[in-house]
1. Is it true that some residue in the range 295-307 is touching a residue at least 40 places away in the same chain (Cβ under 8 Å) and either on the phi > 0 side of the Ramachandran plot or touching a Gly at 6+ places or on another chain (Cβ under 9 Å) (or both)?
2. Please work out if Asn188 is closer than 25 Å to Asp24 by Cβ, within 24 Å of the chain's Cα centre (by Cα) and open to solvent by 30 Å² or more (accessible area, probe 1.4 Å).
3. Quick one: how many residues across the range 200-238 are surrounded by 20 or more Cβ atoms within 10 Å (Cβ to Cβ), under 19 Å from Leu305 (Cα atoms) and more than 21 Å from the chain's Cα centre (by Cα)?
4. Kindly indicate whether Leu202 is among the hydrophobic types (A, V, I, L, M, F, W, C), farther than 30 Å from Tyr52 by Cβ and touching a strand residue (DSSP E or B) at 6+ places or on another chain (Cβ under 7 Å).
5. Suppose the filter is assigned to a helix (DSSP H, G or I) and over 24 Å from Gln9 (Cβ atoms); does Ser132 pass it?
6. If you go through the range 240-296 one residue at a time, how many are under 27 Å from Gln151 (Cα atoms), in a loop (DSSP other than H, G, I, E, B) and hydrophobic (A, V, I, L, M, F, W, C)?
7. May I ask you to verify whether Lys124 is open to solvent by 20 Å² or more (accessible area, probe 1.4 Å) and without any contact (Cβ under 8 Å) to a residue 40 or more places away in the chain?
8. So, in the range 321-344, of the ones that are β-branched (Val, Ile, Thr) and open to solvent by 50 Å² or more (accessible area, probe 1.4 Å), which residue ends up modelled with the highest pLDDT?
Amino acid sequence: MTFDEFLKQIDSNKIKNVALVLGDQSYLQQKIKKNLKTLIPADELTMNFASYDMETTSISQAISDASSAPFFGEKRLVFVNNPYFFTGSTHKGSKVNHNLDDLLDYLQHPEPSTILVFFAPYDKLDSRKKISKQLKSVAEIIDISNLKEPQIKRIIKNELEQDNFQIKPSAEQLLLERTNGDLTLIMNELPKLKLYCHSSKLVDDDAVRGLVTKTLDQNVFDLVGAVLSQNTARAIRLYQELLLSKVEPLQINAILVSQFRLLLQVQILTRHGYSQGTLASTLKVHPYRVKLSLQTVKHFNVLLLQKAYLGLIDVEKKLKSTTQNPETLFELFMVQFTDEVMTA
């Protein structure tokens, strides 16, 4: 079920007694929580609503609350945050002992007057686990992970229209680029854009350029473009700007390596018939990163991408094993890479 469909269910008060919100989109999580709370009258919330974090509280305590009848009301609402026991990993920092038998028993016989909602900020659950299988068999599952670009644009439009604002298509695209398509980052930027464009009620390109700072990933993506086009002067300037922004050389190089690895994966898998949506789920990356990668690999062959990737791996080894100046290492990489491309 999509985010929009679930909100409609909440509005019509026709949701299941158990729900799972899957995905790390804090803005949408907060929106869902706010709407769910409207199901309980304001004067009953204190007694009939509770929220538990599984990193600090046992599931048994949450289940005990969920099993209780509403106090002078018709419904009880219980949120369970960070239920890491549904995944294949354990939370190293948590010393909480979770008795999952209590949860398993509850899921087999949910309390009719309680709405129990699990907020799992993960890409997926471990479907091999008995507890995960039981949850999926009874819960309404709302997947807010890996939102596609049209969904993000619709959310932006709805948010702006609430205050009678509009955004130019070119400005919207620029906003997506500068935030790397991260919805939570976008929602954090909108209040500034609304304030700046208060008179015109129209968000334009100048407003986005002036107010929205590029993410580190977007800055590195610009650097990737300079490397691939063999624009040594621009690549070195962008690298220097990242260093001046106090980004560690190893971090810059790690993101570069990661980006070129993604470009290679997208290039190869596309040749094997993978679609944009399939690529995002297979590679477990944001759909917007896949979109940008698809646009990039159209202009470059696999051998060129391989040369850049292997050259950056060599830079990483030298960063970790020598005391050579990081900027010098990057300049040497660019010179060698450009020479290899010219003589290829």
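1. Yes; the residues of the range 295-307 include at least one that is touching a residue at least 40 places away in the same chain (Cβ under 8 Å) and either on the phi > 0 side of the Ramachandran plot or touching a Gly at 6+ places or on another chain (Cβ under 9 Å) (or both).
2. Numbers: closer than 25 Å to Asp24 by Cβ: yes; within 24 Å of the chain's Cα centre (by Cα): yes; open to solvent by 30 Å² or more (accessible area, probe 1.4 Å): yes.
In short, yes.
3. The total comes to 5.
4. So Leu202 fits the description; yes.
5. On the way: assigned to a helix (DSSP H, G or I): yes; over 24 Å from Gln9 (Cβ atoms): no.
Here the answer is no, as Ser132 does not meet what is asked.
6. Total meeting the criteria: 1.
7. No.
8. Per the criteria, the residue is Thr328.
The values are calculated or read from the model by the stated rules, or taken from the named source; none is laboratory data. Quick caveat: nothing in here was measured; it's all calculated off a predicted structure. Note: ideal-geometry Cβ built from the backbone for every residue, glycine included; neighbour counts use all protein chains shown. Quick note on the areas: whole protein, heavy atoms, side chains included, nothing else; ligands and nucleic acids left out. Shrake-Rupley method; radii C 1.70, N 1.55, O 1.52, S 1.80 Å.
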